[in-house]
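Notes for the one structure printed next.
The values are calculated or read from the model by the stated rules, or taken from the named source; none is laboratory data. Everything numeric here is computed off the predicted structure, so don't read it as measured data. Backbone-built Cβ (ideal geometry, glycine too); neighbour counts: all protein chains shown. Ligands, DNA and RNA are stripped out before the accessible areas are found, and what is left, the full protein with its side chains, is counted by its heavy atoms. Shrake-Rupley method; radii C 1.70, N 1.55, O 1.52, S 1.80 Å.
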Amino acid sequence: MAKMTLREFFSPRDMSQGTPWKRIVEFSVPMLLGNIAQQLYNTVDSIVVGKYVGDNALAAVGSAGPIMNLLLVFFIGIATGAGILVSQYFGAKDREHLSVTIGNCITLTVLSSIFIMVVGPIIARPMLTLMDTPASILDWCVDYLNILFIGGIGSILYNMLSGILRGLGDSFSALAYLLVATILNIALDLLFVAGLDLGVAGVALATVIAQFISAIFCFIKLLKMRDLFDMSRKYIRPNGECVSRIVKLGLPSGLTQAIFSLSMVIVQSLTNSFGELFIACNVIIMRIDGFAMMPNFTFGQAMTTYTGQNVGARRLDRVHQGTRQGAIIAVGTSVVLVSLVLIFGKYLMMAFTDTPELIDMSTRMMRILAVGYIAVAITQVYSGVMRGAGDTMTPMWISLFTTVALRIPLAYGLAYLTRSAEYANGRPESLFISLLAVWIVGAIVTVIFFGRGKWRKNAEAAFQMPADQQ
């Protein structure tokens, strides 16, 4: 394979041409690095507050997370719908519809941001109180959330614009801009917390500033891509048909994430019942989990773009070929990561806290989850293909079943059955055993529904596949 120039790295990539696994890897690697960098936002926040403020501050950042995600992920799901449309129109070389889609995405982003800025601060304290957040960390949680909500436009705008760039096959630009923002975020964390002693509010402020800068870079990049689409008042003006398609494709993904976040809010009440030490443990696990999940989510996003472009180009044969190759790569990567987590898990926990009891508890809980990441790799690849083909409903229903109908009753049921004199509210392992079970069941159900082929029918209907490609 010929060497790529620096300019080619920062250019859109046509994934309907070339060897499928090579195109998937070329697209996935910079996106994986970008996802890891984005995960560093929350992880650095946790490390800084854990080291410079204390374990309770670490617990506060973690307790605020589910509520923040509950509001934001819905709009991130809409960005997923936008990315699907962008990839399909890019694959079909349809400049007019591509322009309308990108323009309306920007409009939806602005409206979504205004909603978050108004509603977020209003519901923050009531939601935290409803979750039985300990009084010792409640005010910290509220401060952290309010800053993130008011500055939420940066996060929403970045996710939407980077989704558009990925739909165009350019995952490298989003990576470059995010790396700059991540370095800035780390520097500001240290300045605001260690230097100015702003505590939890300081890490929130650092995150808001860094995310907004990454969004600005993405917007500037899109303005320089006029050879692919047009951007004017005509295309930014809301288009009912376009908005409807974006919402139709993105709503199931948004609801899927919202359902997952809602289940996390409900389960957070159970988490809080185990006390501040376990809340801090859960924060550490979720931060490590974020990195362990990154390859899975990355390959899922890559398969969505790959499928969308090939559906638009009427190359369903390449979709089947890429699915097989993508699944092998994703599972292989996950096996390697699971091995690393099992071997070095304890040392990872030590980055967050110096409390021996907390380190041991976190290591034990992480080992429960480890094997489940392989199951999630399978789920993400096949769900990504279904979404790219336009079938976003099936992954939503699977998520609804596993995260609500299965996870919540199982977590509370296991906690109830393991109550004892030592563990009045049940054993904390219940939370992670239930999560492991959900991941495994989710993978099995996803493979079954993928085999039934509703996604294929969606793809054929969308662009009327020629008979020789069906």
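Out of all the residues in region 76-133, which are without any contact (Cβ under 8 Å) to a residue 24 or more places away in the chain and polar (S, T, N, Q)?
The one that is without any contact (Cβ under 8 Å) to a residue 24 or more places away in the chain and polar (S, T, N, Q): Thr129.
Yes/no per residue for (1) of a type outside the set (Val, Ile, Thr); (2) in contact with a helix residue (DSSP H, G or I) (Cβ under 8 Å, 6 or more places away or on another chain):
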{"position": "Asp317", "(1), (2)": "yes, yes"}
{"position": "Thr323", "(1), (2)": "no, yes"}
{"position": "Ala327", "(1), (2)": "yes, yes"}
{"position": "Gly332", "(1), (2)": "yes, no"}
{"position": "Val335", "(1), (2)": "no, yes"}
{"position": "Val338", "(1), (2)": "no, yes"}
{"position": "Val341", "(1), (2)": "no, yes"}
{"position": "Met350", "(1), (2)": "yes, yes"}
{"position": "Thr353", "(1), (2)": "no, yes"}
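Are any residues in region 414-423 in a loop (DSSP other than H, G, I, E, B) and open to solvent by 50 Å² or more (accessible area, probe 1.4 Å), and if so, which ones?
Arg419, Ser420, Ala421, Glu422, Tyr423, listed by residue number.
Hey, Gly426 hits all of (1) open to solvent by 60 Å² or more (accessible area, probe 1.4 Å); (2) at positive phi but one; which does it fall short on?
So the condition that Gly426 fails would be (1).
May I ask you to list the residues in region 226-241 that are outside any loop (DSSP other than H, G, I, E, B) and either among the aromatic types (Phe, Trp, Tyr) or in contact with a Cys (Cβ under 9 Å, 6 or more places away or on another chain) (or both)?
Answer for region 226-241, where residues must be outside any loop (DSSP other than H, G, I, E, B) and either among the aromatic types (Phe, Trp, Tyr) or in contact with a Cys (Cβ under 9 Å, 6 or more places away or on another chain) (or both): just Tyr235.
Between a first residue in region 356-373 that is farther than 16 Å from Ser334 by Cβ and a second residue that is assigned to a loop (DSSP other than H, G, I, E, B), which pairs have beta carbons less than 7 Å apart while being 6 or more apart in sequence or on different chains?
If the second residue must be assigned to a loop (DSSP other than H, G, I, E, B), the pairs left are Ile359/Met350; Ile359/Thr353.
From the list Ala411, Ala405, which one is surrounded by 20 or more Cβ atoms within 10 Å (Cβ to Cβ) and aliphatic (A, V, I, L, M)?
After ruling out the rest, the residue left standing is Ala411.
Only one of Thr101, Thr80 is within 27 Å of Asp170 (Cβ to Cβ) and open to solvent by less than 10 Å² (accessible area, probe 1.4 Å); which?
Details: Thr80 fails: open to solvent by less than 10 Å² (accessible area, probe 1.4 Å).
Going through Thr101, Thr80 in turn, the sole match is Thr101.
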